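The values are calculated or read from the model by the stated rules, or taken from the named source; none is laboratory data. Note that the structure is a prediction, hence the values are computed from the model and not measured. Glycine also receives a Cβ, built like all others from the backbone with ideal geometry; neighbour counts cover every protein chain displayed.
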C-alpha cells in the first residue's frame, strides 16, 4: 500500500470535505488543549479561542508552507503554577512571563531567519529532535490510559469494564477506518472513532448529566473572559527560559512532518519559530496560554496522510467559533473521557513512532554510546516524571520540559572531543555471521 501523502501542504481541499476534516483536528487536540489551561488555572474558552487565532498567525507567517495546529503548551505548567500558586488573581503576572518567553522565542526566530538554522542543528541534531518527539508521545501515554480506564489503572467493577469497552470500541473504530476503509471516510478516522464512541457511551447511559445540562444552559454566542498581563520580574525570570523547550518541540515537529511528506521543511524553521512566538505573545496579551505546535495533530496527519495547510485554516476557524460559542464548546467538553482515551491511544502512539522515524531517516547511529545515552536516558527520565513532574523549592518541572533540557545538555556535554566509542552489543553483532 502506498504511503504517499494524499494531500501535500499546498493542496486545496473541497469545502464539503474540509469542514469535517478540520473538525477532526479540533476534536483531536481538544482534550490536551483544554487540560493544560485547566491545570494552570486559565479559562479553557479563552485558550481555545487563542489556539485558533494562533494557528492562523502561524499558517500565514509560514506562508502556507508548514502544516501545524497550535495549542496550549504543557511545558509551561510548572513555571506558571510556581508564579500563580494556583490563585486566579496571579494569572496576569504569569501572562507577563509568557509574553517575555514569546519575545525571546521571537529573537531566536529572527536569528534563525537571518543566519540560518545551523545553530539549531548543532544544538539539536536528529538524535535530540527524535528524542524530544518521542518524549512528547510517551509523556502523554499515561493520560491516554487513565482516560481509557481510570487513574489507578485497575479494573474493580462493571463501571471500569464499561469505560474500557467504550475506549476499546473507539480505538478499534479509528484504527480500522484508517487501515481498511476507502475513499473520503478513510481521512476521518479520529472523528469517526469519536462519533462511534460517543454514540456507544450515550446508549449505555454513560454521558455526564452535568455536561448535558451545561450544553442545555450554555448560550450560543458569548465572548470569552479576556484579561491582560501585569508586570512581574519574578514571573519573567521563572517562565521566560521555557522558550528553549518550544524551540526544541517546534524543530522536532517540523522534522517529523518532513519525514512524512519526504520534503525538507527546515528552510521554514525561522518563520515557524516566529509564527509560534507571535501566537504565544498575542495569546498572552488576551489572557490565553502559551502556544506550541501540537503533536496530536501531527498524529492525525500521519494516520490520514493529509498535510494540507487549508485543513488547519478550517480547524482554526472552527476553534475560534467554538471560543465565541459556549454552546459548541460545551458539546466538545461533553465527550466522555474513555472516548478521548481511545483516540489518543492511536495519536500518542503515532507521535512516539514519529520520533523513532526521525532517527531512522537521519541514520542516527545507536552503536555510539553518546547517542544511546542522550536518547535513552532522556526518554527514561522524562517518561518516569510524566506530566506530574518533580518539584524543587516550590517550582514544578514537567517531564517533557526536563527531558528536553536533559537531552540538550547531554548532547552538548558529550559532543566534546571525539565521542565515537561503540557499544559492545554492536561490536559483537558485527562479528557474528548469519547461519
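Per-structure values
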quantity	calculated
Some residue of the stretch 188-195 being free of Cβ contacts under 8 Å to residues at least 60 places away in the same chain and surrounded by fewer than 17 Cβ atoms within 10 Å (Cβ to Cβ)	yes
Selection status of residue 201, touching a helix residue (DSSP H, G or I) at 6+ places or on another chain (Cβ under 8 Å), under 28 Å from residue 326 (Cβ atoms) and modelled with pLDDT under 80	no
Conditions (1) out of contact with any strand residue (DSSP E or B) (no Cβ under 8 Å at 6 or more places or on another chain); (2) at pLDDT below 90; number of the one not met by residue 78	(1)
Matching residues, the stretch 118-128, being crowded, with 20+ Cβ neighbours inside 10 Å and either within 17 Å of residue 274 (Cβ to Cβ) or out of contact with any helix residue (DSSP H, G or I) (no Cβ under 8 Å at 6 or more places or on another chain) (or both)	120
Exclusive hit being in contact (Cβ under 8 Å) with a residue 24 or more places away in the chain and in a helix (DSSP H, G or I), set 335, 373	373
The stretch 135-153, residues that are at pLDDT below 80, touching a helix residue (DSSP H, G or I) at 6+ places or on another chain (Cβ under 7 Å) and outside any helix (DSSP H, G or I)	150, 153
Any hit, the stretch 364-378, residues being within 23 Å of residue 260 (Cβ to Cβ), modelled with pLDDT of 85 or more and surrounded by fewer than 18 Cβ atoms within 10 Å (Cβ to Cβ)	yes
Yes/no for residue 266 being in contact (Cβ under 8 Å) with a residue 60 or more places away in the chain and farther than 25 Å from residue 42 by Cβ	yes
Hey, residue 356 under 20 Å from the mean Cα position of the chain (by Cα), part of a helix (DSSP H, G or I) and surrounded by 21 or more Cβ atoms within 10 Å (Cβ to Cβ) or not	no
Residue 51 vs. criteria modelled with pLDDT of 85 or more and either more than 22 Å from residue 194 (Cα to Cα) or in contact with a helix residue (DSSP H, G or I) (Cβ under 6 Å, 6 or more places away or on another chain) (or both)	yes
Subset of the stretch 288-306 (residues that are buried (at least 24 other Cβ atoms within 10 Å of the Cβ) and part of a loop (DSSP other than H, G, I, E, B))	288, 289, 290, 294
